[in-house]
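Submitted below is the structure of interest, expressed as structure tokens.
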Amino acid sequence: MCDFVSACQAEKQEREKEGLTVPSAVVALSGKMADRLMLASVFVSFVGVILFYVSYLIKNGRPHKSASITTKSTSITTECRSGDETDVIIVGAGVAGAALALTLAKDGRRVHVIERDLTEPDRIVGELLQPGGYLKLMELGLEDCVENIDAQRVFGYALFKDGKNTRLSYPLEKFHADVAGRSFHNGRFIQRMREKASSLPTIRLEQGTVVSLLEEEGTIKGALYKTKSGKEMKAYAPLTIVCDGCFSNLRRSLCNPQVDVPSCFVGLVLENCQLPYENHGHVVLADPSPILFYRISSTEIRCLVDVPGQKVPSISNGDLSKYLKNVVAPQIPEELKDGFIAAVEKGNIRTMPNRSMPAAPQPTPGALLMGDAFNMRHPLTGGGMTVALSDIVVLRDLLRPLRDLHDSYTLCKYLESFYTLRKPVASTINTLAGALYKVFCASPDKARQEMREACFDYLSLGGVFSNGPVALLSGLNPRPMSLVIHFFAVAVYGVGRLLLPFPSLKRMWIGARLISGASGIIFPIIKAEGVRQMFFPATVAAYYRAPPPQ
């Protein structure tokens, strides 16, 4: 720039020596040009330095502005940027969460599991796995998780009513010899799966309490959780699956829950006594509601006493002990009565509300509900784990073709098929559980009494009359239409018992009310499950959803 100005001045002096004059305007113009060029040069240099500095910081992943924000918030929240190294976050490591983590890890997914308490659970439900559930466990390659926990094989059920009893065997003739039900301590089964999960390098199993899901513009990006030490953390992944159980505090953000509590279970453990039919579950059709017995180890028998309503007699003032001794004990088979009374007197009595909740999903990009957080049914038939494992098989098969899970909206649209594909199995088990519980409960209504008696007698006929319902209950043949046929066959059988040998107007009226009552039991449950998805899933567009291009 200076050279340019000097050249102008030199040219002026040369022209003056030769007698030539340079117009002052030209000199003034050259001076202005010099000033502008100097300013432009300074400005360009300043911008260049800034761009170079910013590009350097971006390349090193620490923009100056956000760096100061991160440093300021570190004392409150630490971000675990797991989006690049984690494919799926699973909230909860119960039966559903642990089995899902193992399944996804086997398919090469990197999984971060966050569980509130990693110590062995102590629950009174989730202790009976039906043969259909065991088949799903085999399909997932997790059948070894029932080994070395003193699990007991289960081959069927025994029903007791008013001094009569009948044995119902699972129709296992067409299956491998290892296929049967399994009963065990719920906590031992879960710990076995957790141990297996923690041994895999692609699973990160961490103890922490998830406070909320991280949402950004309607998409779930991960989870906010507190570690065991109380430190608040954020974890990110393209897909977050919530499996935090029946007491889930996250389900409301992903579905519209309609939770019903029809009854409570009172749990006891009977020690060193024998069941009337070993390797069978036992159902006593007592008054006012059923009582269950089944082995959970070689020396222990689980007893679950169903108490209708949302409250049980007080434990602290002894009302519950009196109820169990005076009302329940007289209705128990003689072989179990002494062990039952001894367990009551020992005092280790546990209670748990029985929840029922139809699946009512709200498809949300980046998130999915599974297990009891998503769908519950009365535990009378022990179908919960079968439904959860069946759901995992469906989800595994849907995710297998996908390498990249980051397109949340496309993935959400694709996974809508999950809700349709799971329905035939899940809705059959759910409907059967709800309907059987209502049929098995005592009632002052004469028509309901006849329905209960007809159900017991129908199952006692054996052959196709017992094999069909037991195949439904066990998850070996979960077909919705078969369920409806057998349910109304019981009702028709009940009407036949009333009308033979000689019908009367009173008996005909009771028979009509029996059919009406049966319809009133099953149809509301089917409606809540979804008639179209349950019986005609192939008519739902999502049934044919193809994997998105990768």
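The values are calculated or read from the model by the stated rules, or taken from the named source; none is laboratory data. What you are looking at is a predicted structure, and each value in this text was computed from that prediction instead of being measured. Accessible surface areas use protein heavy atoms only, side chains included; no ligands, DNA or RNA. Shrake-Rupley method; radii C 1.70, N 1.55, O 1.52, S 1.80 Å.
When all protein chains stay in place, what accessible area (Å², nearest 10, 1.4 Å probe) is found for THR381?
Approximately 10 Å² of THR381 is accessible to the 1.4 Å probe.
List the relative contact order of region 374-494 as a percent without decimals, with contacts defined as Cα pairs under 8 Å and 6+ residues apart.
29
Compute, for LEU405, the solvent-accessible surface of its heavy atoms (probe 1.4 Å) with the complete set of protein chains present, and express it in square angstrom to the nearest 10.
Using a 1.4 Å probe on the heavy atoms, I get roughly 10 Å².
Still on this structure, I have one more. Averaged per residue, what accessible area in Å² does region 230-349 show with a 1.4 Å probe, protein chains only?
42
Oh, and also: In sequence order, what are the phi-derived ³J(HN,Hα) couplings for region 293-306 according to the Karplus relation 6.51 cos²θ - 1.76 cosθ + 1.60 with θ = phi - 60°, rounded to whole Hz, with x for glycine and proline?
Listing the rounded values in order: 9, 6, 6, 10, 6, 5, 10, 10, 10, 7, 10, 10, 9, 7 Hz.
Right, next: Ordering SER443, SER417 by accessible area with a probe of 1.4 Å, largest first, what comes out?
Solvent-accessible surface, decreasing: SER443, SER417.
Are any of the pairs LYS136/LYS226; LYS325/LYS438; LYS106/LYS423 more than 31 Å apart by Cα-Cα distance, and if so, which?
Violating the 31 Å limit, Cα to Cα: LYS136/LYS226.
Going by amide H atoms built from the backbone, whose H comes under 5 Å of the H on ARG123, apart from near neighbours?
Hits under the 5 Å cutoff: ASN186, GLY187.
Would you mind classifying region 469-532 by shape? Square roots of the alpha carbon gyration tensor eigenvalues, ordered a ≥ b ≥ c; an a/c under 1.5 is rounded, otherwise it is prolate if a/b is larger than b/c and oblate if not.
Since a/c reaches 1.5 but b/c is at least a/b, the shape of region 469-532 is classed as oblate.
Relative contact order for region 482-542: what percent, with Cα pairs under 8 Å and sequence separation of 6 or more?
27
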